[in-house]
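The values are calculated or read from the model by the stated rules, or taken from the named source; none is laboratory data. Bear in mind that the values here come from a model prediction, so they are computed numbers and not experimental data. We place every Cβ from the backbone using ideal geometry, glycine too, and count neighbours over all the protein chains shown.
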Amino acid sequence: MVAAIPRLVDANPRLVDANPRSVDANPRSVDANLGSADTIPRSVDSKYPPPSQIKGIFEQTFSMGLVYADIEIINGMELEMARRGFIDKDEVKRMHLNLLVDTGSYMLAINENIQEIMQFPVVESKRAQLANGQVIQCDVVSGVELRFKNRRSYCSAMVLPGDSEPLLGAIPLEEMDVLIHPLRQELIVNPEHPDMAVLKMK
């Protein structure tokens, strides 16, 4: 079947080129009314890039690799005790983690090694489904304070077994009003709200 195609075309080679300019008789006819991509007025919404750059942005977005962010986690219960004067500020447990930003994950997830150091209070136990489909039972801890640049979140966290990779999920991402920059492939503060987080209430 494949070999028959060129013979059909070559049987009458003038059929293809009988009117070679029929398509391009007026090559600017398509753009005569619509204009080229870069001439579309920018006044509609100047915050978006020119249409000529959109393809490149999409290509880099879809080829995006893993995104990590430097996040400080603090024992919020101890921080409150320090504010009340019960313990010294230097006694508050805190550490910096390079967390995988995972918008497909619902909550913050730490591991047992981190929990052993931070000693967050365990409040309940829940089942969690991992990326491979496995369902496991995990402790849930509370009083976790996250800090990223000028943003903070006070949330709960799932405790994954052993030294599993910690994840920064959708809830703290939304609360801190941060997002992934598609070109730089990094976590950034929402440029529309640079001074403080704006939370959606509906």
Problem - One residue from Ile171, Ile136 being outside any strand (DSSP E or B) and of a type in the set (Val, Ile, Thr) - result: Ile171
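Any idea which residue in segment 102-124 is nearest to Met176 (Cα to Cα), counting only those that are assigned to a strand (DSSP E or B) and within 26 Å of the chain's Cα centre (by Cα)?
Leu108
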Exercise for the section: Can you give me the number of residues within segment 163-188 that are without any contact (Cβ under 8 Å) to a residue 60 or more places away in the chain and surrounded by fewer than 21 Cβ atoms within 10 Å (Cβ to Cβ)? Expected result: 9
Exercise for the section: Could you tell me which numbered condition Leu179 fails, if it satisfies all but one of (1) part of a strand (DSSP E or B); (2) in contact with a Lys or Arg (Cβ under 9 Å, 6 or more places away or on another chain)? Expected result: (2)
Practice task
Would you check if there is a residue in segment 85-104 being closer than 21 Å to Arg151 by Cα, of a type in the set (S, T, N, Q), surrounded by 12 or more Cβ atoms within 10 Å (Cβ to Cβ) and modelled with pLDDT under 95?
Solution key: yes
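Give me a count of the residues in segment 108-131 that are within 19 Å of Val67 (Cα to Cα) and at pLDDT below 95.
2
A quick yes/no check of all residues on (1) under 21 Å from Met77 (Cα atoms); (2) modelled with pLDDT under 95:
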residue: Gly143; (1), (2): yes, no
residue: Asn150; (1), (2): yes, no
residue: Ser156; (1), (2): yes, no
residue: Leu168; (1), (2): yes, no
residue: Asp177; (1), (2): no, no
residue: His181; (1), (2): no, yes
residue: Gln185; (1), (2): no, yes
residue: Leu199; (1), (2): no, yes
